[in-house]
Amino acid sequence: MKVQIISGVMIRGTAVFPQTGEGKSVVDSVVEVSAAEARDLIQARQAKVVPPSTKVTVTIKEPESEVDALDDFFGEDESEPE
């Protein structure tokens with residue numbers, strides 16, 4: 001579901017502000033989120049629904065798992081009993 005952000009908010013670890021860009025290229029922040037996230041944002045008056053044809057201006061990336069990076073660094077040594 002597409003929503004326009006009207007108040008600064010954190011979505012899956014990404015800060016999203018009401019407007020994106022600088023100078024003359026400033027546009028309203030429109031993101032695509034799940035229906036549950038949209039409902040929560042709208043109820044908190046942090047976003048409003050926009051038509052489905054509206055272009056997404058901010059892409060929310062899924063946070064990377066830190067566990068994999070830690071396993072790569074320290075290694076997975078399951079053979080040693082504790």
**Message:** Which count do you get for residues in segment 1-29 that are β-branched (Val, Ile, Thr), open to solvent by less than 60 Å² (accessible area, probe 1.4 Å) and either over 13 Å from Thr57 (Cα atoms) or within 11 Å of the chain's Cα centre (by Cα) (or both)?
**Reply:** 4
**Selection from segment 44-55 of residues that are open to solvent by 70 Å² or more (accessible area, probe 1.4 Å), of a type outside the set (D, E, K, R) and part of a strand (DSSP E or B)** = Val49
**Request:** Answer yes or no: is there a residue in segment 56-65 that is more than 15 Å from Ser7 (Cα to Cα), touching an Asp or Glu at 6+ places or on another chain (Cβ under 6 Å) and surrounded by 12 or more Cβ atoms within 10 Å (Cβ to Cβ).
**Result:** yes
**Message:** Need pairs with beta-carbon distance below 8 Å; first residue assigned to a strand (DSSP E or B) and within segment 14-30, second surrounded by 11 or more Cβ atoms within 10 Å (Cβ to Cβ) and among the charged types (D, E, K, R); sequence gap 6+ or separate chains.
**Reply:** Gln19/Asp28; Thr20/Asp28; Val30/Lys2
**Request:** Tell me which residues, restricted to segment 31-43, are open to solvent by less than 40 Å² (accessible area, probe 1.4 Å) and part of a strand (DSSP E or B).
**Result:** Val31
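The values are calculated or read from the model by the stated rules, or taken from the named source; none is laboratory data. Values in this document were obtained by computation on a predicted structure and should not be read as measured data. Glycine gets a Cβ as well: all are built from the backbone with ideal geometry, and neighbour counts include every protein chain shown. We work out accessible area using only protein heavy atoms, side chains counted, and drop any ligands, DNA or RNA first. Shrake-Rupley method; radii C 1.70, N 1.55, O 1.52, S 1.80 Å.
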